[in-house]
Amino acid sequence: MTDSKTRAAAAPQVSGHEKTSEKSWHEVVLERLKANDVKLIVYVPDRVFTPLIKAIHADPFFITFAATREEEAIGIVTGAWMGGMRGAVLMQTSGFATIPNALASLVVPSQIPALIFVSERGTLGEFNLGQAMVCKTMRPVLNALGVETHTITRQDELAFIIDRSIKQAVATLAPVTFILSPLLTGGKVFEQ
């Protein structure tokens, strides 16, 4: 039988004795981006990411702005990396459909550690057929391109996965995609 001290010691630590369970998912993401010196955040507006986008705009550490399309955001983050700055892209599931060519022809062969955050739609009560179709194809496309992918459903794993994956992306010069499940974010609230 394990006691509480053994369980606590076995729990993954991000750095030091941080407690992330009391923070919201978007506060944890913001904290991990800052801790890994990810200064540029380019996004296509999304209701699920609204609290994160507002927090990033309010923090002078970040350079952030909206792009008109997801592949544009990928191009901006790629150029930023080539200029010495780490960047991340925020998009929703349907927007992912616009970026496979940018990933296959630019990011992957150029070894760009692009950080891609996707607010997952197309599941758990989704009404929009376009979201559902992209949700079914997103992971197979990422796997075919060899892009590391993490679907995050639990708050207690969020900081660890983001922190370690950013470090790996930079060390191996490879992109990573974080699919933030509605189980984590609460997803989009649908009117009944």
Check your understanding: For region 67-85, how many residues are among the β-branched types (Val, Ile, Thr) and more than 15 Å from the chain's Cα centre (by Cα)?
Key -> 3
Review point. Just checking, which of PHE61, PHE65 is surrounded by fewer than 16 Cβ atoms within 10 Å (Cβ to Cβ), more than 18 Å from GLU148 (Cα to Cα) and in contact with a helix residue (DSSP H, G or I) (Cβ under 6 Å, 6 or more places away or on another chain)?
Key: PHE61
Exercise for review: Select from region 107-148 the residues that are in contact with a Cys (Cβ under 8 Å, 6 or more places away or on another chain) and surrounded by 17 or more Cβ atoms within 10 Å (Cβ to Cβ) and write down the one among them that is modelled with the lowest pLDDT.
Suggested key: GLY122
Exercise for review: Inspect all residues belonging to region 158-167 and state whether any of them is touching a Leu at 6+ places or on another chain (Cβ under 9 Å) and under 15 Å from HIS26 (Cβ atoms).
Suggested key: yes
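The values are calculated or read from the model by the stated rules, or taken from the named source; none is laboratory data. Here the structure is a predicted model, which means the values were calculated and not measured. FYI the Cβ positions are ideal-geometry reconstructions off the backbone, even for glycines, and counts take in every protein chain you see.
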